[in-house]
Each structure stands twice: as structure tokens, then as C-alpha cells.
Amino acid sequence: MLMPIRTLGDPVLKTPCHPVTVFDDALKRLAQDMLETMYDAPGVGLAAPQVGLSKRLFVFDDGAGGPLFMANPEVTGREGEIIEDEGCLSIPGPFHPTPRSATVVCRGQDLDGAWYELPAEGLLARIFQHETDHLDGMLYIDRLDEQGRRSVLADLRRFELGLEEPRKKRGFLRGEVE
Ligand code: NI
């Protein structure tokens, strides 16, 4: 079932999420619905607050590891810095160069509550940092300087007014993975 995606201005996106404590069939159905919604958008990651739920979980697919779910994620082992275009399904349209750690390790729980960890670089490292930020009530524009934020919001306005087509085929966290 497709779920409506919350967009910038919705307070749920600015609210830190509660830990996931129950790993039951309802959680599995939610993960399925979120994956369906993510692929439909299309995107490569979707966090619970983006569908209105203040829970520490997200789904993702970097195009290499298949569809995955992670609850209660912790990002550690940050190394290096890399600046690449980033976007968000909750800020549909714009992309902006955004600084992130180049490599990370992300540890969290699967749908059965079992802990696992994944070392990540490139797209997957960016997904982990972007989605974990969502669970802390942060958006990628909060990682930009004032000029960057203003640029994204101006782009967003142009998309909303229909002056530009959203870039569906390019970039990151929205559109096809290159
Ligand atoms: Ni996002």
C-alpha cells in the first residue's frame, strides 16, 4: 500500500523519533508499505517520519544490496568527507551538494530485532547518514550553510510553481541510481 510522503513544513519531520521496541507482523507490513512507497517515488531511502511515524526505522536500497530495513540505527566509524549532490523525497525536486562522511559503519536491527552492521561508502554511506538524520528530526538542508539552504528553497518554489520539472532521473535519494 502506498503511503503519502510528508513534505517540508510538516512538524513530524522535525521531531526526534522513538526507538522501535516491538518487532511483530505489523512492523513487517509497515516495512513492505514503505519499500513500495520508496520505489514508487522513486527513491533509494525512506525514513518513518516521512510517512508520518515518529519511529527510529528506515528502508533503503542502494541498487547493490537489495531492499533492506533497519531499526534503531547508529552511525559510527566516520572517516573522511565527501561533498555530492543530495536530495530528499520530502523536499521534492531540488538537489544540492551536501557534505557527508565518506565512509561509515551503520549498526541497527532487522525485522526480527537481530542486530547487524554494514560498513558503507559511496551511495550507501550517504543513505545511512541521510536517513539517520531523519530519525533525529534533521533534513539535509540543515547540513547546508545559509546560502545553500536558500538555494534549495528557491529551487523548491520553482518546482512548486511548475516553472521547472523535478529532476527525476538524476541524483540522490530521488530518482534512479547512476
Ligand atoms: Ni530524505
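Convex hull volume of the Cα atoms in the chain, per residue, in Å³?
Numbers: hull volume 18.6 nm³, N = 178.
Residue-normalised Cα hull volume stands at 105 Å³.
Under 13 Å from a label point 7 Å along Cα→Cβ of Arg158: give me every residue in segment 79-113 with its amide N that close.
Correct set: 93-96.
For a paramagnetic label modelled at 7 Å from the Cα of Ser151 toward its Cβ, which residues of segment 77-115 fall within the zone defined by backbone nitrogen distances under 14 Å?
So the set is 83-87, 94-99.
Collect residues whose amide H, placed 1.01 Å from N in the peptide plane, falls under 5 Å from the amide H of Gly43; neighbours closer than 5 in sequence don't count.
Long-range HN contacts for Gly43: Gly175.
Taking amide H positions as placed in the peptide plane 1.01 Å from N, state which residues far from His18 in sequence (5 or more) or on other chains have amide H under 5 Å from it.
The list, which skips near neighbours in sequence, is Lys55, Arg56.
Among Gly66, Gly77, Gly87, flag the residue with its Cα farthest along the positive direction of the charge dipole of the chain, charges on Cβ as +1 for Lys/Arg and -1 for Asp/Glu.
Farthest along the dipole direction, towards plus: Gly87.
None of the figures in this text is laboratory data; all of them are computed from the coordinates on show. Not measured: the values here are computed from a predicted model. Every residue, glycine as well, gets a Cβ built from its backbone with ideal geometry; the counts of neighbours run over all protein chains shown.
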